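Single-structure report; data block below.
The values are calculated or read from the model by the stated rules, or taken from the named source; none is laboratory data. What you are looking at is a predicted structure, and each value in this text was computed from that prediction instead of being measured. No Cβ is skipped: glycine too gets one built from the backbone with ideal geometry, and neighbour counts run over all protein chains shown.
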Amino acid sequence: MPTMHRIVVDAMGGDHAPDAIVQGAAEASLALSSAEIILVGDAAVLGRLLPKMRHDGARVRVHHASQYVEMDEKPAEALAAKPEASIVVAADLVARGEGDALVSAGNTGASVLACARRWTLLEGVRRAALAAVFPTELRRGEKDDPFSLILDVGATVDVTAEDLVGFAVMGSAYAKLVSSNRRPRVALLSNGTEAGKGPKEVVAAHAALVETTELNFIGNIEGLDIPRGVADVVVTSGFVGNVVLKMLEGVSETVVRLARYAHKERLAWRLGLLALSSAIDQLKSITDWQQYGGAPLLGFTHPFIKAHGRSNARAVTNAIKVAHKALAGNLCGNIARTMAELDERAQRKPTGSGATEG
Amino acid sequence: MAGRRKSLLRRVTSIPIGLGERIGLLDHVPPGLAEGAPPPKHVFRWDLDKTYLRTEFDSLKDLYKSAVETAADKHAFPGATALLRALKQPGHRICIVSGSPTQMRQVLAAKLALDGIYWDEFVLKNNLKNILKGRFRALRAQIPYKLPAMLQSRIGATAEAETLFGDDAEADAIIYCLYADIVAGRVSLQDLERVLVASRAYEDDTARILDLARRVPKGNAVRRMFIHLDRRSPPLGFRRFGPRLVPVFNYFQAALVLYQDKVLSARQVIFVALEMLDSKQYELGHLATSVQDVIRRGRITRDVALQLTAEATEAATSGALSGRTDLPPFDQIAESFRTRVRELGNVEPVPFDPDEPLDYVRLVDEEHDQRRTRRKQGHG
């Protein structure tokens with residue numbers, strides 16, 4: 001029997017929690033024979049929901065938590081006021097070694113904060129990074145993955161060059177495993193492709209990354225290269241990443257709104273959209289974020305997969321599968337090993353060259 | 001010499017019956033109790049496919065595979081063999097009623113023998129006879145086949161207690177509850193006739209079943225029914241059958257309930273657990289989670305789980321786990337079980353609604369609809 005992976009799921013977090021979360025976990029219990037799923041939340045509610053669904057009763061268990069954080073609550077205040085919140089109990093279980101990975105579709109800030117307060121960083125990693133996936137023109141890896149990874153999108157606002165190098169290592173390890181992409185193309189997000197462009201930490205990170213052999217670093221890219229899919233892993237600070245992510249989301253929402261407007265406005269436009277509908281459906285299926293499940297918080301000794309707040313059961317199942325894949329593929333171990341190799345190389349270098357501080 | 005002749009004679013006389021059954025002309029009549037033998041205290045009725053044996057017949061390929069595989073190729077569900085062995089105690093009777101065709105008697109009997117299972121009755125479905133007589137409706141029908149087989153068996157050997165084991169692939173839950181209610185005298189012959197009409201039974205079968213129902217010794221005998229969730233059907237769907245019917249994900253859960261019913265000892269529950277661990281399909285964590293699941297569904301109480309843990313610890317220290325160097329110390333195992341119980345907090349399971357008579361005609365109609373839907377979806 002393969003090693004059993006215990007995946008802790010915050011059952012109360014998400015717009016459609018707990019129903020969609022429990023449904024997703026139930027489906028994952030049937031799909032993953034080497035996983036045990038621990039649903040954290042109100043045991044009375046979860047105990048009523050689970051028997052309604054097809055699942056494996058030997059592979060899903062419930063851990064009671066009497067409180068939960070709402071999606072719109074302020075993270076620090078919510079965690080202070082609710083010490084028994086499901087996300088806190090879930091993060092605790094992993095920290096105590098009673099679980100191996102965490103999945104949550106709940107309040108992002110509260111989830112990240114709960115992990116950051118309880119979990120330890122991997123050796124060599126200075127800061128954690130929250131990643132997000134974005135659909136691109138180009139596909140990648142053995143599975144023709146249509147998503148690129150952007151990190152950090154908010155966990156670490158101010159970064160140093162070393163932090164950016166760490167993000168590059170973590171993002172590459174994740175893309176390698178989850179997208180089955182043997183040599184993911186890693187790029188730094190900047191305001192120009194030239195090595196000297198950008199703030200000093202980006203310039204210094206560039207100088208350090210070109211020296212690495214462990215990563216497939218392709219240099220700097222600009223914002224417009226993200227949707228094109230020029231890079232598989234886009235590395236940036238939490239501040240910039242968050243702005244970029246929200247702008248990209250805003251643009252796609254605007255496109256949808258404009259299409260709706262066109263649909264109402266003129267018959268010719270409506271017919272045009274109708275003619276395009278099968279192509280749009282195809283595009284939707286390619287870029288369906290629910291198939292991806294979630295995005296990881298990287299840098300800790302345990303994987304945390306943050307599923308979208310709007311996750312339905314399918315997205316939750318896929319997020320659990322991603323967590324399982326991260327455990328089975330020893331994602332954290334791989335990151336730690338690469339970080340150690342980079343550190344060793346830096347130690348061996350004569351003083352004065354290859355400094356990563358701008 | 002006389003003994004050899006007698007055994008030869010027995011062999012020769014047994015050929016026509018075996019052959020007759022095999023070519024679909026004769027039915028195998030299960031032997032009742034020997035003359036003067038005391039009645040059994042407890043009868044355990046088991047289905048085979050998807051209950052005891054891991055069988056797939058969702059496609060023609062599966063059916064073919066199931067028909068041609070040898071006894072050694074067939075696999076019992078983890079824990080089922082240990083449970084059946086534990087149930088074979090003095091005064092207990094094991095009766096097997098399976099929907100498999102009579103032509104498979106030899107291979108199925110060989111499989112049970114390989115597993116060390118001793119049975120008292122073994123009834124299979126004479127589908128060839130149904131084909132030869134053009135009774136095609138009877139090929140798939142479960143109620144008109146299983147119900148009379150069980151009633152006949154009870155008439156032949158009446159026990160004060162019965163426990164039934166089936167699965168969620170077909171209509172076992174309905175058949176078992178109907179049988180339990182007929183035996184308990186809760187179903188009138190008129191109502192039974194309506195159910196048989198709904199289940200598309202042939203007229204002669206209906207008449208035979210009504211006659212058996214009239215003659216069967218009455219009593220509140222069926223104490224427990226287990227439905228093995230082979231299809232992983234949602235357990236809630238079985239709640240309407242009341243607390244006497246327990247859907248189980250695995251045989252450790254069945255053993256836990258039987259421990260609560262005082263049918264099995266803690267030591268016997270351990271043997272079921274060990275067989276499951278040896279199958280490599282379950283780890284200790286799965287067993288602990290299985291305990292939590294039956295508590296959450298209100299099928300056993302926390303007190304029973306904790307009492308079992310204490311008794312199992314005693315049994316383990318008195319040799320039930322001797323030679324098992326692959327397991328952690330039992331104190332550790334017991335603690336992981338207690339932790340699973342504690343994880344539920346103080347939340348109590350949802351209580352069962354008061355028993356209401358089941359509307360079997362509606363249940364049969366629903367089952368037909370579900371089967372049709374499954375067939376449309378290509379799930380057999």
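Below, the figures for the structure above:
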| read-out | value |
| --- | --- |
| The stretch A:58-87, subset among the hydrophobic types (A, V, I, L, M, F, W, C) and crowded, with 24+ Cβ neighbours inside 10 Å, residue farthest from the other protein chains (Cβ to nearest Cβ) | A:V69 |
| Checklist (1) within 10 Å of another protein chain (Cβ to nearest Cβ); (2) outside any loop (DSSP other than H, G, I, E, B); (3) in contact (Cβ under 8 Å) with a residue 24 or more places away in the chain applied to B:L236, failing item | (3) |
| Qualifying positions in the stretch A:1-44 - in a helix (DSSP H, G or I) and of a type in the set (V, I, T) | A:I21, A:V22 |
| Checking B:L358 against (1) assigned by TED's automatic domain parsing to the domain that holds B:D167; (2) surrounded by fewer than 17 Cβ atoms within 10 Å (Cβ to Cβ), the condition it does not meet | (2) |
| Pairs where the first residue, in the stretch B:325-337, is in a helix (DSSP H, G or I) and the second is among the hydrophobic types (A, V, I, L, M, F, W, C) and exposed (fewer than 15 other Cβ atoms within 10 Å of the Cβ), C-beta under 8 Å, 6+ apart | B:I333/B:L327; B:A334/B:A310 |
| Which numbered condition B:E275 misses (of (1) among the charged types (D, E, K, R); (2) more than 10 Å from chain A (Cβ to nearest Cβ); (3) buried (at least 17 other Cβ atoms within 10 Å of the Cβ); (4) within 25 Å of B:F241 (Cβ to Cβ)) | (4) |
| Leading residue by the ranking (nearest to A:G154 (Cα to Cα)) among those in the stretch A:42-57 that are within 7 Å of chain B (Cβ to nearest Cβ) and either of a type outside the set (G, A, S) or touching a His at 6+ places or on another chain (Cβ under 6 Å) (or both) | A:A43 |
| Close pairs from the stretch A:296-319: first in contact (Cβ under 8 Å) with a residue 12 or more places away in the chain and surrounded by fewer than 24 Cβ atoms within 10 Å (Cβ to Cβ), partner of a type in the set (V, I, T) and in a loop (DSSP other than H, G, I, E, B), Cβ under 6 Å, at least 6 apart | A:T301/A:T120 |
| Hits in the stretch A:10-34 - residues which are more than 21 Å from A:S66 (Cβ to Cβ) and crowded, with 23+ Cβ neighbours inside 10 Å | A:G24, A:A26, A:A28, A:S29 |
| Residues satisfying the stated conditions in the stretch B:253-272, i.e. surrounded by fewer than 24 Cβ atoms within 10 Å (Cβ to Cβ) and either within 14 Å of another protein chain (Cβ to nearest Cβ) or farther than 15 Å from B:A82 by Cα (or both) | B:V257, B:Q260, B:D261, B:K262 |
| Scope the stretch B:289-318; condition of a type in the set (A, V, I, L, M), over 18 Å from B:A80 (Cα atoms) and assigned to a helix (DSSP H, G or I); matching residues | B:I295, B:V304, B:A305, B:L306, B:L308, B:A310, B:A312, B:A315, B:A316 |
| Selected residue [in contact (Cβ under 8 Å) with a residue 40 or more places away in the chain and either within 12 Å of chain B (Cβ to nearest Cβ) or closer than 21 Å to B:T289 by Cα (or both)] from A:R96, A:R6 | A:R6 |
| Looking only at the stretch B:55-104, and only at residues there that are part of a loop (DSSP other than H, G, I, E, B) and small (G, A, S), the one that is modelled with the lowest pLDDT | B:S59 |
| Candidate set: the stretch A:9-39, residues that are at the interface with another protein chain (Cβ under 10 Å from one of its Cβ atoms) and touching a Gly at 6+ places or on another chain (Cβ under 9 Å); chosen: the one nearest to A:L102 (Cα to Cα) | A:I38 |
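A quick yes/no check of all residues on (1) touching a helix residue (DSSP H, G or I) at 6+ places or on another chain (Cβ under 6 Å); (2) away from chain A (no Cβ under 14 Å); (3) of a type in the set (D, E, K, R):
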residue	(1), (2), (3)
B:G285	no, no, no
B:A288	yes, no, no
B:L306	no, yes, no
B:A312	yes, yes, no
B:S322	no, yes, no
B:D326	no, no, yes
B:S336	yes, no, no
B:P351	no, no, no
